[in-house]
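I have placed the structure first, in the form of structure tokens, so that the comments after it can refer back to it.
The values are calculated or read from the model by the stated rules, or taken from the named source; none is laboratory data. Please read these numbers as outputs of a predicted model, since none were measured by experiment. Cβ atoms come from the backbone with ideal geometry, glycine included; neighbour counts cover every protein chain shown.
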Amino acid sequence: MTLAEMVLTVMFLGGTLYALFGGADFGAGVWDLLAGRTRAGAPERALIERAIGPVWEANHVWLIFALVVLWSGFPRAFAAVMATLYLPLTAAAVGIILRGSAFAFRKAVVPVVTKRTFGAAFALSSLLTPFFLGTVVGAVASGRVAADAASPGGSPPDVVGSWWNPTSVLGGTMAVLVCAYLAATYLTADADRQDLAELAERFRRRALGTGVVTGVVALAGIAVLARDAPRLYEGLTGRAAPLLVASAAGALGSFSLLVRRRYRPARYSAAVAVGAVLWGWAVGQYPYLLVDRLTIAQAAGSRATLVAMAVSLGVGAVLFVPALVALLVLAERGELTEAIPPSTTH
Amino acid sequence: MGVLPPLFAAVAAAEANLLAARQQMALSLGWHIVLACLGVGFPMLILLAEWRGLRTGDAAATELAYRWTKVFAVLFAVGAVSGTILSFELGILWPGLMGTFGDVWGLPFAIEGVAFFLEAIFLGIYLYGRRRLTPRQHLLVGLPIPVAGIASAWFVVTANAWMNQPAGFDVATYRATGKVVGVDPVAAMLNPATPVQTTHMVLAAVIVAGFVTASVYAWGLLRGRNDRYHRLGFLIPFAVAAAVTPVQIVVGDWAARFLADNQPVKLAALEAVQHTAAGVPLSIGGIVVDGEIRYGIEIPNGLSLLAHGDPDAVVEGLDRVPADERPPVAIVRTAFQLMVAVGFFLLGLAVWLGAAWVRRRDLPRRRLFLWGALAAGPAAVVALEAGWVATEVGRQPWIVYGLMRVDEAVTAAPGIRFGYYGLVVVYTVLTVAVVSVLRRLTRPWPPPTSTEPIATTEAMTQP
């Protein structure tokens, strides 16, 4: 493994963790959107708020992590992707800003009307953001980002067709479904831990339903990829086939665990299903960073920077990984809850 | 479009893109920087109040810490996401910069990511861990938040310093061939402008957070809420900001002297010096008309003395560079004067409080002081924005000083201005929302939690 591949692996690991944790936070927002009218949906919304409140900001940092590693390690690829796909990326950025702000605002305000408005903004942007990020994945995977898109004198990129095409739409749809599936599975376990049997049952049904839909779309997606993204199709059915098998096994595993109401193992199994398919994508398009356009070796920036990144991220990981694990474990055990005011005498 | 020669159309699109891209960047950065300052400075104030409450059993201090935490939770969330959009925009709007120099100046952003992780993680535990932790543990868990916040600010500002003072690669080869070789990311991060710029910005963050918070309580005091809660809510942030302000004036002088030696064109624009000369006067106030200062007060030999420590020293003027390499003087000088003027206004308030405190251990008696303190919050924000305008517009037409112009860096993708219009709407809505939520959070205590729907529904869901 070259140094560039090592740094890219670290970046992709960050991206995977963003999908597994940040993605589930987005999915929770999707379920918030579908929770129903104010009164009827209140218990679900409260559960979602308790589940993502303490952790979503830390989970969000994985996105920034992946972005900055990409731009420092592979500046040409970063510039080409951002310039070509500025429409879905601007939409995703707006979605991110609205989602985060609206979630914080909803917690802070009291009147039902404003709470509902912020809640709607939170939920809607939770749906749109993963879709647009998914179209970006589809654009890269189907070879629609030109390597010279950003260089001076390079031809202006196709800013619509690059992300509005069969593979990108598949990517966007899969992203939304996967986020919703992860969230429903995680929330089932959260509800169960809090002895909210009725809510657990509701999210269990949703997880099973979304799981079926996701599986069907994934299978249909193989046909789409065969026609629209031949390079990726070739890799997925060849070198990356074991990862797809692992993903299918994870999906079936989480499904049967959900059926048997074994919620905690079900969430790990679901995470394996999603993680394996992401790595399948990466392995499938190896050695390309931008499919058909730019290989990892061609895209790699200065060696000195790659070394400096590897060292500083390694040292940084020693600092933040234990803290992050502590946060996630505390949240998972339900030990992080809203504080009570110190005094109400004023 | 169809009748235009294709090349002409492309040039027109690039120019439209450049203006829209610069406006979008200015809007996003100018918006985020206020929240970033509160994100860096506010946790310090919270922990000070919490520490005081813990040490002396002062209930008002504990209550302040609790309420500020609620406000901070909102500000941090909005600051985090409005900062994320900036890292998108660097690529979306300036692919020429990122594609060419991404590996030169990227390292501090990666390290900033680590600091941001720590900040978000400990904030999560700090906000939600109160029930689980003892008060002392809770305070300790909060300590990494300001430390990581300052570290984040420091690393990000090193990147801006690099744009002003590019280093860490073979500059001569780049000038000759446009190729970036000999990259040393650590040297880029520790470029000559880093020490002065990072110090100036971190102090600015503390000053903005302190005066903004204090001005809320100044309003309360002016309306007669002269209780311990309001006095402490005023004094803690005001005292911190007041203590830092004189240091900032000294650092500002350091920054100007640094410019005189390293970025003389920017200094010439800040002071509207058209012609290189010896014994240049310092002009205060007035307006810039056609590049010349009218109605200003002149202190003979003042600028030569300030910039080089010698009243007869030569100060370089804008005539040192061709006309197309000069920044727009009127904007840059006005912004700079505004920043300096606010700096001295804040210094005056700080001295006023200091004098009263030394004499009587109390706030100044005159209401004028409180009116001044009320104005200090918005004024500090104005100084912050003006300072960024001065340094960013003062670098024009360069995105990387002396090496890459903004028009070489901007994207060639069509339709950038529509994205900008969309963001104007988003930021307008967001501003209204932030202000209304903050007003809600600063209403008299306690908030009517008993009627909160979430609280009642939580009760409903318990089997």
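Only one of A:Arg202, A:Arg206, A:Arg193 is of a type in the set (Lys, Arg), away from chain B (no Cβ under 14 Å) and touching a residue at least 24 places away in the same chain (Cβ under 8 Å); which?
Exactly one of A:Arg202, A:Arg206, A:Arg193 is of a type in the set (Lys, Arg), away from chain B (no Cβ under 14 Å) and touching a residue at least 24 places away in the same chain (Cβ under 8 Å), namely A:Arg206.
Could you please find all residues in the range A:205-245 being among the charged types (D, E, K, R), within 15 Å of A:Val169 (Cα to Cα) and surrounded by 14 or more Cβ atoms within 10 Å (Cβ to Cβ)?
First, pick out the residues of the range A:205-245 that are among the charged types (D, E, K, R): A:205-206, A:227-228, A:231, A:234, A:239.
From what is left, the residues that are within 15 Å of A:Val169 (Cα to Cα) are A:227-228.
The one that is among the charged types (D, E, K, R), within 15 Å of A:Val169 (Cα to Cα) and surrounded by 14 or more Cβ atoms within 10 Å (Cβ to Cβ): A:Asp228.
Quick one: which residue in B:Val180, B:Val206 is over 30 Å from A:Ala310 (Cβ atoms), touching a residue at least 40 places away in the same chain (Cβ under 8 Å), buried (at least 18 other Cβ atoms within 10 Å of the Cβ) and in contact with a helix residue (DSSP H, G or I) (Cβ under 7 Å, 6 or more places away or on another chain)?
Details: B:Val180 fails: over 30 Å from A:Ala310 (Cβ atoms).
The match here is B:Val206.
Please go through the range A:1-37 and give me each residue that is outside any helix (DSSP H, G or I) and within 30 Å of A:Ser302 (Cα to Cα), ordered by number. Can you show your working first?
If we filter the range A:1-37 for residues that are outside any helix (DSSP H, G or I), which is where we start, we get A:1-2, A:34-37.
Once the filter is applied, which keeps residues that are outside any helix (DSSP H, G or I) and within 30 Å of A:Ser302 (Cα to Cα), the range A:1-37 yields A:Met1, A:Thr2.
Yes/no per residue for (1) under 17 Å from A:Leu225 (Cβ atoms); (2) among the aromatic types (Phe, Trp, Tyr); (3) part of a helix (DSSP H, G or I):
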position: A:Ala149; (1), (2), (3): no, no, no
position: A:Pro157; (1), (2), (3): no, no, no
position: A:Trp164; (1), (2), (3): yes, yes, no
position: A:Thr167; (1), (2), (3): yes, no, yes
position: A:Ala175; (1), (2), (3): yes, no, yes
position: A:Ala183; (1), (2), (3): no, no, yes
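What number of residues within the range A:297-320 are under 14 Å from A:Phe78 (Cβ atoms), part of a helix (DSSP H, G or I) and either touching a Phe, Trp or Tyr at 6+ places or on another chain (Cβ under 7 Å) or free of Cβ contacts under 8 Å to residues at least 12 places away in the same chain (or both)?
1
Inside the range A:88-116, can you point out the residues that are farther than 23 Å from A:Gly15 by Cβ and modelled with pLDDT of 85 or more? Reasoning before the result, please.
Here is the first cut: in the range A:88-116, the ones farther than 23 Å from A:Gly15 by Cβ are A:101-102, A:104-116.
Correct list: A:Ser101, A:Ala102, A:Ala104, A:Phe105.
Mind listing whichever residues of the range B:62-106 are within 21 Å of the chain's Cα centre (by Cα), over 15 Å from A:His60 (Cβ atoms) and within 7 Å of another protein chain (Cβ to nearest Cβ)?
B:Val74, B:Gly106
Test B:Gly129 against the stated conditions and say whether it is touching a Pro at 6+ places or on another chain (Cβ under 9 Å) and surrounded by fewer than 24 Cβ atoms within 10 Å (Cβ to Cβ). Give the derivation first.
Values: touching a Pro at 6+ places or on another chain (Cβ under 9 Å): yes; surrounded by fewer than 24 Cβ atoms within 10 Å (Cβ to Cβ): yes.
Yes; evaluated as a whole, the condition is true for this residue.
From the list A:Thr114, A:Thr84, A:Thr9, pick out the single residue that is hydroxyl-bearing (Ser, Thr, Tyr) and within 19 Å of the chain's Cα centre (by Cα). Steps first, please.
Details: A:Thr114 fails: within 19 Å of the chain's Cα centre (by Cα); A:Thr84 fails: within 19 Å of the chain's Cα centre (by Cα).
Selected residue: A:Thr9, the only one of A:Thr114, A:Thr84, A:Thr9 that is hydroxyl-bearing (Ser, Thr, Tyr) and within 19 Å of the chain's Cα centre (by Cα).
Of all helices (runs of 4 or more DSSP H) completely enclosed by the range B:213-320, which ones contain at least 1 residues that are of a type in the set (Ser, Thr, Tyr) and farther than 25 Å from B:Val389 by Cα?
Details: elements: B:228-262, B:264-270, B:302-308.
By residue number, B:228-262.
Per-residue answers, yes or no, for (1) more than 30 Å from B:Leu374 (Cα to Cα); (2) more than 14 Å from chain A (Cβ to nearest Cβ):
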site: B:Tyr174; (1), (2): yes, no
site: B:Met189; (1), (2): yes, no
site: B:Pro192; (1), (2): yes, yes
site: B:Val202; (1), (2): no, yes
site: B:Val208; (1), (2): no, yes
site: B:Leu222; (1), (2): no, yes
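When you scan the range B:228-250, do you find a residue that is aromatic (Phe, Trp, Tyr), over 21 Å from B:Phe345 (Cα atoms) and either surrounded by fewer than 21 Cβ atoms within 10 Å (Cβ to Cβ) or at pLDDT below 95 (or both), even just one?
Of the residues in the range B:228-250, the ones aromatic (Phe, Trp, Tyr) are B:229, B:234, B:238.
Going one step further and asking which of them are over 21 Å from B:Phe345 (Cα atoms), we end up with B:229.
Restricting the remaining residues to those that are either surrounded by fewer than 21 Cβ atoms within 10 Å (Cβ to Cβ) or at pLDDT below 95 (or both) gives B:229.
Checked the range B:228-250: at least one residue is aromatic (Phe, Trp, Tyr), over 21 Å from B:Phe345 (Cα atoms) and either surrounded by fewer than 21 Cβ atoms within 10 Å (Cβ to Cβ) or at pLDDT below 95 (or both).
Residues to consider are B:Val157, B:Val181, B:Val216; find the one that is at pLDDT below 95 and either more than 17 Å from B:Ala376 (Cβ to Cβ) or of a type in the set (D, E, K, R) (or both).
Numbers: B:Val157 fails: at pLDDT below 95; B:Val216 fails: either more than 17 Å from B:Ala376 (Cβ to Cβ) or of a type in the set (D, E, K, R) (or both).
Result of the check over B:Val157, B:Val181, B:Val216: B:Val181.
Output the residues belonging to the range B:144-177 that are over 26 Å from B:Leu123 (Cβ atoms), crowded, with 22+ Cβ neighbours inside 10 Å and touching a helix residue (DSSP H, G or I) at 6+ places or on another chain (Cβ under 6 Å).
Matches in the range B:144-177: B:Ala161, B:Trp162, B:Gly168, B:Phe169.
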